[in-house]
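A short write-up of the structure that comes next.
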């Protein structure tokens, strides 16, 4: 049973759809099982999720720890490969390991001892062989926090975007309507280059997009879709904040979607306000 880490179709990822083998997962001839992890992490100290030689990444730290725990190299697949500075509350990872080296309770304790406090593993389970963190997922949900007041808040700066300009919450809410449904989000995504030369599709289906007032000076944007393309959520937030500032109109959003022109969106929201909130699977939610 072999599982390679794949480019994901979530926000902050290069969705090439091409898998690259990176090693043998278990001793030849040994019985293996599929393991699922749920983890949270503070992305501030990482150069994204994907393993990258020479820099500290979530996937690199986790893979090194798993190699120590199970006694052989593992390759991991995640539900959404986040960019530098982006956080996760309920990221999902799957990998294959030698069956006789998997003790979920002991693995959870060992991983938290080695990876904490920046990475916290909240659940470990042996699952069916056909469960895949990326391909079995039916939806991903992201949350973006905006602190909206004249002065910054040093206690929230690590996890939110400080916007000192007065924002119109009703205008930002109205602007969300155009996002719902299936659209080509080329105006909001960095277009990846596929190794096979084919033009990748940036069509995505958004099932929910809304702003809520979490506090008198904090706004939260939540968006859920079947999948996301690279920088999509941060580009959407940047545009919606410009609507709130009065620089754009709510009615502009639909025309920008239809333009399929990356230059039309303007500012991209900074990464620290973004969190992969939950991943949904048939009959299971990673945040449950």
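FYI, it's all coordinate maths here, none of it is from the lab. These numbers were taken from a predicted model, which means no experiment stands behind them. Here the Cβ positions follow ideal geometry from the backbone for every residue, glycine too, while neighbour counts run over all protein chains shown.
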Percent of C-alpha pairs per 5 Å bin, region 199-277, short to long: 3, 12, 24, 28, 20, 9, 3, 1, 0
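Given a Förster radius of 41 Å and the C-beta distance between residue 44 and residue 100 as r, what FRET efficiency does 1/(1 + (r/R0)^6) yield to the nearest 0.05?
The computed FRET efficiency comes out at 0.65.
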Extended-chain gain in nm, criterion 0.36 nm per residue less alpha-carbon gap, residue 73 and residue 207: 44.4 nm
Within the chain, percent of DSSP bridges classed antiparallel, to nearest 5: 90 percent
Stretchable slack from residue 169 to residue 287, in nm (0.36 nm times residue separation minus alpha-carbon distance): 39.7 nm
Distance between modelled label sites at residue 216 and residue 153, nm, 7 Å Cα→Cβ extension: 1.2 nm
Projected area averaged over orientations for region 70-180, convex hull of C-alpha atoms, nm²: 10.0 nm²
Gain upon complete extension [residue 226, residue 249; 0.36 nm per residue less C-alpha separation]: 5.6 nm
Two-site FRET efficiency, residue 135 against residue 184, from Cβ-Cβ distance with R₀ of 35 Å, rounded to 0.05: 0.95
Region 127-237, Cα convex hull volume normalised per residue, Å³: 153 Å³
Shape of region 80-121, Cα gyration tensor, a/c cut at 1.5: oblate
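Divide by every residue of the chain the summed helix terms, -39500 (n - 2.57) for each DSSP H run of at least 4, and state the resulting mean residue ellipticity at 222 nm, rounded to the nearest 500 deg cm²/dmol.
-5500 deg cm²/dmol
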Contact order normalised by residue count of the chain, Cα under 8 Å, 6+ apart, percent: 24 percent
Residues in region 213-248 reached by a label modelled at residue 127 [backbone nitrogen below 18 Å; 7 Å Cα→Cβ]: 225-228
Cα-Cα pairs of the chain separated by more than 28 Å (percent): 38 percent
